[in-house]
Ligand code: HEM
């Protein structure tokens, strides 16, 4: 009897301890003892986590705190002021570390996106510097991007022959992987390459089977070992999908090991292998083959779906707004004459640029960015944020800020131009690539790719909805990023 009473007392004491929050913790819902707010997460908004977290902000304020389970603090940050403070607080520039995420990279913490500390800093700096040297985001990569645009335009011409509708489902992914792979592995794939189709399926399936908030639930490693598929499905993190991608990348690295030369750096893999050899002869190093595989997986996952989603949504918005499409085309004709747009034309294509900015604002491809983590105890908007808290920045709430944008639901490119239309208005209320230490590493390449693809397609073709059919939906496909649902359109060449 005494033992039972003691166990009950210990349990009650544990429950009480678990439900005590640190003083000055951000306001938020309590949830249940031990489970915290986990059982209610998907009820907030069954489809879109960013809308669910916004509902909490409407109730509790811009910085909301709750617990996932007994001990994992989760901080949801909404609205421009709080988000800006969070992104520029280096104490919040960590990334959550859990077993499910580490599965992506052989059970270790590797790569750029889900890493932090000195290893992340070293890998991020190296990747950015050398991708830049290889032409990333510079005019020297324009030829590479142009090659993919030409290929895509041939595909569109082929599909649209005799006014057949063109199917845009997955249309851009191949071009984007090819641009990345040319920089990373020095090759491009053909549209009908079956290996590539498989890789694209993996990336798509991983991103769109995932759930942003549930992925952060701290599930012990043992669960993942004992019940791998149930745990992965519960978390919405299908890292098991990565094995073929890892194998593919490893094979390409081995090919590079055999045929590379120290005198010529053909691509990122060559540069990385050279650094690996140099560092390993110096002793302890974060540069090794599995790390390289992790970095490449991250570039694929972070780079392809985001840019493809941006292109798909931009076209969708222009199908919904033919008058804006025509205005862009008029500007493209005036500035570029008979040729296709180039990066050099960009500063003269202000209306086009404004329309592309507006499509990015409304598409919200990464509404919650990537989850951040508090590296040490810190403060946000006056609240105490304990070390190890998971922190999400809800970029959607900045892009839909009623006070700033006035009519945020409307697709209105003019809002990004001065009243005389002669200058672009740059504002940090537009944060598709986030900001601060963790801002998107691929921003220069993504911006150039987005601009060159959209402006070239609009210069060469007119895009119209299929007559007598409802307009294709603007409702996004959920996942780690928001994707466009496949759609069809009538595409006619402009002469
Ligand atoms: C329109 C396209 C893109 C959008 C909207 C986008 C957006 C973002 C956002 C919001 C983040 C998270 C920032 C944060 O956590 O605060 C991010 C991170 C990242 N992005 Fe992008 N991205 C795009 C394209 C690319 C491309 C093309 C690449 C690679 C070539 C790339 C590589 C990365 C990497 C590696 C990170 C993680 C950075 C880190 O954790 O240090 N992204 N991106």
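For the reader, a short list of remarks on this structure follows.
- Residue within the range 459-475 that is assigned to a helix (DSSP H, G or I) and within 26 Å of residue 344 (Cβ to Cβ) present: yes
Residue by residue, here is whether (1) under 21 Å from the mean Cα position of the chain (by Cα); (2) within 16 Å of the ligand (Cβ to nearest atom); (3) within 29 Å of residue 40 (Cα to Cα) holds:
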site: 197; (1), (2), (3): yes, no, no
site: 203; (1), (2), (3): yes, yes, yes
site: 212; (1), (2), (3): yes, yes, yes
site: 218; (1), (2), (3): no, no, yes
site: 231; (1), (2), (3): no, no, yes
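- Residue 308 within 16 Å of the ligand (Cβ to nearest atom), more than 14 Å from residue 181 (Cβ to Cβ) and in a loop (DSSP other than H, G, I, E, B): no
- Test result for residue 175, farther than 23 Å from residue 193 by Cβ and either away from the ligand (no atom under 14 Å from the Cβ) or part of a helix (DSSP H, G or I) (or both): no
- Residue within the range 249-260 that is under 20 Å from the mean Cα position of the chain (by Cα), part of a helix (DSSP H, G or I) and within 16 Å of the ligand (Cβ to nearest atom) present: no
- Scanning the range 368-412 for residues that are assigned to a loop (DSSP other than H, G, I, E, B) and over 20 Å from residue 431 (Cβ atoms) returns 374, 375, 376, 377, 382, 386, 387, 388, 389.
- Of all the numbered requirements in (1) part of a helix (DSSP H, G or I); (2) farther than 30 Å from residue 293 by Cα, residue 24 misses one, and that requirement is (1).
- Residues that are over 26 Å from residue 216 (Cα atoms) and in contact with a helix residue (DSSP H, G or I) (Cβ under 8 Å, 6 or more places away or on another chain), drawn from the range 474-491: 474, 487, 489, 490, 491
- Scanning the range 405-436 for residues that are within 16 Å of the ligand (Cβ to nearest atom) and at pLDDT 95 or above yields 429, 430, 431, 432, 433, 434, 435, 436.
- Qualifying residue in the range 441-448 (condition: buried (at least 17 other Cβ atoms within 10 Å of the Cβ), near the ligand (Cβ under 10 Å from one of its atoms) and in a loop (DSSP other than H, G, I, E, B)): yes
- Positions within the range 386-395 being within 16 Å of the ligand (Cβ to nearest atom) and either under 15 Å from residue 66 (Cα atoms) or touching a strand residue (DSSP E or B) at 6+ places or on another chain (Cβ under 8 Å) (or both), in sequence order: 389, 390, 391, 392, 393, 394
- Checking residue 340 against (1) more than 11 Å from the ligand (Cβ to nearest atom); (2) surrounded by fewer than 22 Cβ atoms within 10 Å (Cβ to Cβ); (3) assigned to a helix (DSSP H, G or I); (4) touching a residue at least 40 places away in the same chain (Cβ under 8 Å), the condition it does not meet: (3)
- The sole residue among 369, 363, 359, 355 that is in contact (Cβ under 8 Å) with a residue 24 or more places away in the chain, within 18 Å of residue 327 (Cβ to Cβ), surrounded by 20 or more Cβ atoms within 10 Å (Cβ to Cβ) and within 14 Å of the ligand (Cβ to nearest atom) is 359.
The values are calculated or read from the model by the stated rules, or taken from the named source; none is laboratory data. Worth saying up front: this structure is predicted, and the values here are computed from it rather than measured. We place every Cβ from the backbone using ideal geometry, glycine too, and count neighbours over all the protein chains shown.
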